[in-house]
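To keep things clear, I will list the structure first and then write my remarks on it.
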Amino acid sequence: MRRRQEQQQQQQRGRVLSAAVGALCRALPPRARPAPDTLRRARFDRPQASLDFWRLLYALLKQIHRGKWTESDDTDNQIRFVKSALWYYGYGRPELYQLPSDGSAGSRELLLAFSWLLHRISLLEQLLARNRVKTGDETSVCTCEDDLLNSQKSTTEIAPEYELEDRVDVRYLQWLNGRLRFQWQSLHAQHQEQCKLLHKIHLFTSGSHMDQILGHFSVTETDLVRQPENYKQLLQLLESETMQLEAFLEWKQLEPVYWQWMETVLDNMAEEGNMCESQDAHEEKSGLPKVTSSCPWADSLTGQIDRLSRDLMTLRDQLQKLVTQRKAAWCEKVKTREEELQKEGFSATARKIQESVELKLLDLTYLCAPKKNKMHGSCRLVFRSKHPGSKMGFHRSLSKEPVSAVSATEVIRELQMREASLERELKQLQEECRQRLDEIAEGLDGVICVSP
């Protein structure tokens, strides 16, 4: 009787797990939707599922990065892209980066990476947001300059240091800069042309929409009015998106079952790792006594803690050396500044200091000002002809409340303030670089430097 109950419970858990995995697969985009058996085979590290998982991660990450996904890309390029993207997001398991480039093994490692992306970067939510059917005219607005600065700092910190032989010609960098500026100008001109066309559509269709908040048609709605036969394609897209959203809701209800299943996968990997370690120790014939652990993953966790402590000790020593070097460098700068103050006039130095202090005060005033609700994400463009000075507004795409509307002039004013702050910072950095170059040029005998 007890055995029959246990069998029934196992069958019930299996059915619930199958439902969770099926909902997860159906919530993924149609072009990158795996079969549920692929995840089940990956649990047992079947090599048949490895190549399918590489292609799955490649397709999903390409959509996240708004890249063009083509099935003609060879396996080597797909695997290289997936490894680079996982490294960018901070995935730290070295076993994944050691997988072969032909996709012949490592399906369980890929299952772990896929699950890590689900939890770490909210993979499903991002895919649903990027692939949703847009019936309105939207634009992306971001006034979160703090996040941008932090991301730039983190990118600078992890940037690799190149040796002298890796340096390129300055003329090539100048050519790349000019090409980038030309592309930015072309993109800006195309965006301006798009805004003009949107304004015409919104103006000519004003008062035609059933929704009084919007009041005008979007490009998609205008196209449906002109070509009504296109509604079938739009209806298919909306039905597909509805099925995805229903699968996503089912997945959110069954998500704890999936993570319990992943815990069993981790336990199995830990047991296999402990078995391999015990076999290696037996082959080496070490005289150490055997220690049995009550938990199968305790030994590996202890080893990770030991490695982490050693890394922390090494990092502490490096930080101490860095602090010592920084102190020495600041002492040299102070001495050099004292000599410059003795050579230059006091009034010129005081004026530079005053300008520097005013710049910092302006930045502090901007930073310490009461923060408004920062906008980030997609907003719908809404034409407003009744309000003077504001003929275009932004509505949050996820809200139908008119209170959440923000006029375009407010966003432009805030972006202009940010632009002025960045320009002041750029001028300050250029002045510092110019002074540094002058100091270097003074130490070169017989060399004439001509400014570009």
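For Asn230, state whether it is within 30 Å of Leu127 (Cβ to Cβ), more than 33 Å from the chain's Cα centre (by Cα) and at pLDDT below 90. For Asn230, the condition - within 30 Å of Leu127 (Cβ to Cβ), more than 33 Å from the chain's Cα centre (by Cα) and at pLDDT below 90 - is met. Taken over segment 1-32, the criterion of being of a type in the set (Lys, Arg) and buried (at least 16 other Cβ atoms within 10 Å of the Cβ) is satisfied by Arg26 alone.
So, Ala105, is that one of a type in the set (A, V, I, L, M), within 30 Å of Asp45 (Cβ to Cβ) and either surrounded by fewer than 18 Cβ atoms within 10 Å (Cβ to Cβ) or modelled with pLDDT under 90 (or both) or not? Criteria met by Ala105.
Residues that are open to solvent by 40 Å² or more (accessible area, probe 1.4 Å) and touching a Pro at 6+ places or on another chain (Cβ under 9 Å) do not occur anywhere in segment 68-76.
Only a single criterion out of (1) out of contact with any Lys or Arg (no Cβ under 9 Å at 6 or more places or on another chain); (2) among the aromatic types (Phe, Trp, Tyr); (3) in a helix (DSSP H, G or I) is not satisfied by Trp251, namely (1).
Based on what the data block shows, is Trp87 within 26 Å of Leu254 (Cα to Cα) and assigned to a helix (DSSP H, G or I)? So that I can check it myself, show each step before the final result.
Values: within 26 Å of Leu254 (Cα to Cα): no; assigned to a helix (DSSP H, G or I): yes.
So Trp87 fails the test.
Residues being open to solvent by 70 Å² or more (accessible area, probe 1.4 Å), closer than 25 Å to Glu250 by Cβ and touching a Ser or Thr at 6+ places or on another chain (Cβ under 7 Å) are entirely absent from segment 110-120.
In segment 51-64 there is no residue that is of a type in the set (Gly, Ala, Ser) and either open to solvent by 50 Å² or more (accessible area, probe 1.4 Å) or touching a residue at least 60 places away in the same chain (Cβ under 8 Å) (or both).
Could you list, in sequence order, the residues of segment 77-89 that are open to solvent by 50 Å² or more (accessible area, probe 1.4 Å) and over 17 Å from Asp52 (Cα atoms)?
Within segment 77-89, Ser84, Trp87, Tyr88 qualify.
The values are calculated or read from the model by the stated rules, or taken from the named source; none is laboratory data. Model, not experiment: these values are computed from the prediction. No Cβ is skipped: glycine too gets one built from the backbone with ideal geometry, and neighbour counts run over all protein chains shown. In case anyone asks, the SASA skips ligands and DNA or RNA and just uses the protein heavy atoms, side chains included. Shrake-Rupley method; radii C 1.70, N 1.55, O 1.52, S 1.80 Å.
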